[in-house]
1. With a sphere of radius 9 Å drawn around the Cβ of ALA110, what net charge do the other residues whose Cβ falls strictly inside it have (Lys, Arg +1; Asp, Glu -1)?
2. For ARG263 and PHE152, compute 0.36 nm times the residue count separating them, minus their Cα-Cα distance, and round to one decimal in nm.
3. Rank these for me by crowding, GLU116, GLU95, GLU179, going from fewest to most other beta carbons within 10 Å.
4. Only Lys, Arg, Asp and Glu count, each charged at its Cβ (+1, +1, -1, -1), so figure out the dipole size of the chain about its Cα centre, rounded to 20 debye.
5. With an 8 Å Cα cut-off and a minimum separation of 6 or more residues, compute the relative contact order for the chain in percent.
6. Once you have the Cα-Cα distance between HIS241 and ILE85, take 0.36 nm times their residue separation minus that, and quote the gain in nm to one decimal.
7. Take the Cβ-Cβ distance between ASP195 and HIS228 as r, set R0 to 45 Å, and report the resulting FRET efficiency rounded to the nearest 0.05.
8. Rounded to the nearest 0.05, what FRET efficiency do ASP7 and ALA174 have when you use their Cβ-Cβ distance and R0 = 45 Å?
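Since every read-out is calculated from the coordinates, none of them should be taken as a lab result. Because the structure is a prediction, the values reported are computed rather than measured. For neighbour counting, all protein chains shown are included, and Cβ atoms are generated from backbone atoms with ideal geometry for every residue, glycine included.
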Amino acid sequence: MTDDTADALDGLLAALDLTETGPDTFVGPGDIPNDYGIFGGHLLGQGVAAACRTAPAGRSIHSFHAYFVSGGPAVGDIEYRVERIRDGGTFAHREVRALRGERELFRLTASFQADEEGLEWQAPPLHQGELAGPEGLAELGELLAGCDAPVFDEYWTNRPRAVQLRYAHAPWAAAGPAEDDGIRVWWRTARPVGDDPHLHRAIAAFVADESISDNVLTPHGLTWTGEHLMVVSLDHAMWFHRPFRVDDWLLFVQRPLVTSGARGLALGQLHDAEGRLVATCTQEVLVRTGPAGG
């Protein structure tokens, strides 16, 4: 683990360790210096963390649905206000609003469930056939350094990341995108992060925004450096199916579903090293091309 990765992971853990400032009200740092504004994963991770801080004992978050309401600079604290919608016998529901002053940036609804035994089954994975394991793949920085043309700008290429990312399929991977134009990436934190299941799911929400929006560009042969290209996350939903650890290798299998009406939708499935489906997510993004969208 490099010093940059260690510092980035420390920063992520600090960002998810929200400060309680009042009843069901929390504040988290929003400082990730860049030229674009707040990273969507930052809001997702902190929003999940805020909801989890108010969850009844013995209940785990099993799903959330979030909307990116408005953008903002990546400086200054963000306030998270949680509303306790309902605490039932098995399920509990929360709504989280992220604000700067009175300007709403983000809204998330989450559902929690007590542990239950039930039917066990999962659909065949999207990555049928041989797929390289993480040990045989290069780190993201090494991949990007070997690309003939820039995939991202200097900031996104060189920014320290809190997790190790090893791409089996992507426009910037040696093998290119998968046959379905999707992205396949192994990831994990570079050191253990403790046993709090809420923290593992908040980190997974943060990482889920790392490359899922890229999937709507791959069928069109585009990357983020395309001229006059505008890509903005609109919403994100995630379901957690089974317990998992983010400090063990996880395979994030992604693919585009549709682009239409200046929007694109992508699907992501998170598997553990044994192939169990542990989480599923979808994200819709605004995609504009041409000078009017620049």
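1. Working: positive: ARG94; negative: GLU95.
Neighbourhood net charge equals 0.
2. Working: separation 111, 0.36 × 111 = 39.96 nm, distance 2.06 nm.
Between ARG263 and PHE152, full extension yields an extra 37.9 nm.
3. Numbers: GLU116 6, GLU95 14, GLU179 10.
The fewest-first ordering by Cβ neighbours comes to GLU116, GLU179, GLU95.
4. Working: 23 positive and 42 negative charges, 156 e Å.
Computed about the Cα centre, the dipole is about 740 debye.
5. Values: 626 pairs, mean separation 51.7, N = 294.
So the answer I get is 18 percent.
6. On the way: separation 156, 0.36 × 156 = 56.16 nm, distance 2.23 nm.
Difference between extended and current length: 53.9 nm.
7. On the way: r = 47 Å, r/R0 = 1.05.
So, using R0 = 45 Å, E works out to roughly 0.45.
8. Working: r = 28 Å, r/R0 = 0.63.
It comes out at approximately 0.95.
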